[in-house]
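The values are calculated or read from the model by the stated rules, or taken from the named source; none is laboratory data. Keep in mind that what you see is a predicted model, and the values were worked out from it rather than measured. Cβ placement follows ideal geometry from the backbone for every residue including glycine, while neighbour counts extend to all protein chains displayed. The accessibility values were calculated without ligands, DNA or RNA, using every heavy atom of the protein model including side chains. Shrake-Rupley method; radii C 1.70, N 1.55, O 1.52, S 1.80 Å.
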Amino acid sequence: MMLTDNDVPAWWRGLGLPGLVDLHTHFLPERMLRRVWAHFDEIEPLIGQAWPIQYRDDQQSRLATIRRLGVRRFTALSYAHRPGMAASLTDFSLGLAAENADCVPSATFYPEEGVLDQVQSALDRGARVFKIHAQIGAFDLREPVLDPVWGLLADAGIPVVIHVGSGPVSRPGITGPDKLAGVLARHPLLTAVVAHLGAPEYGEFLDLAERYPWVHLDTTMAFTSFFEQLAPFDPALLPRLADLPDRVVLGSDFPNIPYPYAHQLESLERLRDREPRLDDNWLRAVCWYNGLRLIGE
């Protein structure tokens, strides 16, 4: 029996949770969001399948939906794809959090002149999570201008959700685990949250999580029927995932997903059929406790 969005509150109550903490959700300025959706509308030739946006609604409707699902803490992740964008995106995200107490104060940055001051300003204004998208931004995480930024965020203990895996479309020289490995070699205490479990380089990003104590992996789209066609997760890696119960956090990519939100949760629950240690205790950690520990109360 398939889980529906209407079933989600009963699902997390069945785990004994007060709700969900989702570390990978997107709220963007309306004009930018429309461009993002247009990109997904045209992505089929690149990935071999359509990507129909499930929650193509106005902002207030999307806020109502995520609250109806029982997501108690969510992010307003944004990402710049060229210089001069990051500061205004951070202003938007922090403004949304100021108006909505359940929205985690979120920020972004880009390798450009003044980036360290921008990140410090965001921290001074209460940012508790950052997001960058190396693939879309077309930059190497190891760019020298970013080195002091990584040091600042590592010292502050602030999580950074990083899309640096090569899925859904590889970008040679930009994506791949070696880019994050280079950053971590210099800043081993950075709280890096690898988006999409690092798809498709799942094993290599698990290596980094096993090596560095503050590397986390988010579940965004992983194990869903949609993503299993694009970047299937090797079942042989599931025991290693179970060995890191405190390092996996719930992510969804809401609202930019091509299936109901419930399917992400259902896909995680079904993992126990292949690895028994990915049980209710694991789900409780992933869907609530790990995310809350990273972003605070």
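See the values below:
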{"item": "Qualifying position, being open to solvent by 30 Å² or more (accessible area, probe 1.4 Å) and either part of a helix (DSSP H, G or I) or of a type in the set (Val, Ile, Thr) (or both), among 101, 87, 97", "result": "87"}
{"item": "Residues of the stretch 28-78 classified as within 29 Å of residue 118 (Cβ to Cβ) and either assigned to a helix (DSSP H, G or I) or modelled with pLDDT under 95 (or both), total", "result": "16"}
{"item": "Selection count where residues are more than 18 Å from residue 54 (Cβ to Cβ), under 22 Å from the mean Cα position of the chain (by Cα) and assigned to a loop (DSSP other than H, G, I, E, B), scope the stretch 1-27", "result": "4"}
{"item": "Cβ-Cβ under 9 Å pairs, at least 6 apart or on other chains, the stretch 5-18 side of a type in the set (Ser, Thr, Tyr), far side open to solvent by 40 Å² or more (accessible area, probe 1.4 Å)", "result": "none"}
{"item": "Filter pass, residue 45 being in contact with a Pro (Cβ under 6 Å, 6 or more places away or on another chain) and more than 25 Å from residue 248 (Cβ to Cβ)", "result": "no"}
{"item": "Number of positions in the stretch 50-80 that are open to solvent by 20 Å² or more (accessible area, probe 1.4 Å) and touching a strand residue (DSSP E or B) at 6+ places or on another chain (Cβ under 6 Å)", "result": "2"}
{"item": "Inter-residue pairs, beta-carbon under 9 Å, first assigned to a helix (DSSP H, G or I) and in the stretch 248-269, second hydroxyl-bearing (Ser, Thr, Tyr) and open to solvent by 10 Å² or more (accessible area, probe 1.4 Å), 6+ apart", "result": "261/55; 261/65; 262/4; 263/225; 267/225"}
